[in-house]
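Enquirer: Here it is, the structure, as structure tokens.
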């Protein structure tokens, strides 16, 4: 074949002057359109209810707190960090997490390591959400629907990310003061003054990590609130919403729980992964996983032990090392942000494999996608099925290289249900003039390369 470079106009692809790429810290500028903002819950709405909430755990006092609540016929809400007072994947904390959930309390996110979200970038905020979601799904099988921003601080960017991740933000309308220096007597007095005013409902902030809260303040609060006729419920119950986005079985639970989030140096996974390269480097430097096998393990895990996307893999040779590292690799969406499909990989069994790959890419990382199929590929239905798996990720396509039959291009590039707000680079190879347009005002498109294929 001979390759010729055609201009955009000659091929009928309408590309107007592209806007300058927006900074990743401004999602609204990135998408070029108004972005939904998450609801911020500042108070309960169901009359005569009180939601007692506890931040910063999981911590040792959770057992005492839970026993008191259950004895009073009440349920609490625990906003947990992934790595604050300890690592959520530590065996002792896994037991606390499972205990609280099994008692019927509501569990929710307080971000991974308690950073002020208003000082973070778009990607960093996503990471704070994602790490806790991953931990909850692994340990409990639930995806949280509520998040309390540390210090109660949020801005529109935080609300945008929360909306994208399907979560609502929760603050409070009463602070016991246990984290700001109040003595137990002062906290008790604050509860008494509040109860004397008898508001219709209360959304109370406490902290799970203080002994005085568990042993002095909470018993007094429960007693007085019950005496005043309040019903002590979870945050979800006090606003009439579901506590979780989804509930299923715990995921990726291996025999040794710490391997879920601990690296060989003993650090919590997020601590070592403060930069993506740090975690990759830590992995490849392990004596049991030579650098040259990291990619093979990566492919092996993705393909469900069959090597579907890498026909040269020998699963038997890799099985010895993949078990130890599978969960670490699964927790690194950056590794899954590039995918190349060659003609030999367009197979029925790879439809599910590609879906798994894209699922492991998370929701925050931009994607580099290359799909190569000859113009005369015989099974268009199979190719379309593979392309369909990519469509839910269209908002994260950054660099797109396509060599596919021209009739399939409109579904990818001019589909009204598949916007391309992050697309920066587009490379197309085709055997005849395509019939589609690209609205570059709704993208970040900066370059386009068009190749005409002649037989």
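Any read-out appearing in this document is the output of simple, stated calculations on the displayed coordinates, not a laboratory observation. Remember, it's a predicted structure, so these values are computed and weren't measured experimentally. When we count neighbours, we look across all protein chains shown, and the Cβ atoms used for this are built from the backbone with ideal geometry, even at glycine.
Enquirer: Sort out for me the Cα centre separation of the range 222-243 from the range 358-418, rounded to whole Å.
Expert: Distance between centres, Cα-based: 48 Å.
Enquirer: Run the simple label-point estimate for residue 340 and residue 72 please: 7 Å along Cα→C-beta, distance reported in nm.
Expert: It works out to 6.1 nm between the two label points.
Enquirer: Roughly what would the spin-label model give for residue 116 and residue 351, points 7 Å off Cα along C-beta, in nm?
Expert: 5.1 nm
Enquirer: Using a Förster distance of 41 Å, how high is the FRET efficiency between residue 449 and residue 381, based on the Cβ-Cβ distance and rounded to 0.05? Don't skip to the answer; put the middle values down first.
Expert: Values: r = 28 Å, r/R0 = 0.69.
Plugging the Cβ-Cβ distance into 1/(1 + (r/R0)^6) gives 0.90.
Enquirer: Could you tell me the calculated FRET efficiency between residue 391 and residue 95, based on Cβ-Cβ distance and R0 = 60 angstrom, to the nearest 0.05?
Expert: Details: r = 41 Å, r/R0 = 0.69.
E(calc), rounded to 0.05, equals 0.90.
Enquirer: Ok, one more. Given R₀ = 22 Å, what would the calculated FRET efficiency be for residue 63 paired with residue 183, taking r from the Cβ atoms and rounding to 0.05?
Expert: Values: r = 24 Å, r/R0 = 1.08.
Efficiency computed from Cβ-Cβ geometry: 0.40.
Enquirer: Could you grab the relative contact order for the range 149-220? Cα pairs under 8 Å, six or more apart, rounded to a whole percent.
Expert: Details: 50 pairs, mean separation 23.5, N = 72.
The value is 33 percent.
Enquirer: Provide the three semi-axes, in whole Å and in decreasing order, of the ellipsoid equivalent to the range 40-247 as defined by the square roots of 5 times the Cα gyration tensor eigenvalues.
Expert: Values: eigenvalues 132, 68, 53 Å².
Over the Cα atoms of the range 40-247, the ellipsoid semi-axes are 26, 18, 16 Å.
Enquirer: Starting with the highest mean, order 337-344, 44-51, 378-385, 121-128 by the number of other Cβ atoms within 10 Å, averaged over the residues of each peptide. Intermediate results must be reported in sequence, preceding the final value.
Expert: Working: 337-344: 15.1, 44-51: 18.9, 378-385: 12.9, 121-128: 20.6.
The most tightly packed comes first, giving 121-128, 44-51, 337-344, 378-385.
Enquirer: Something else: For residue 37 and residue 156 in the same chain, what is the full-extension length gain: residue separation times 0.36 nm, less their Cα-Cα distance, in nm?
Expert: On the way: separation 119, 0.36 × 119 = 42.84 nm, distance 0.69 nm.
Extra length from residue 37 to residue 156 when fully extended: 42.2 nm.
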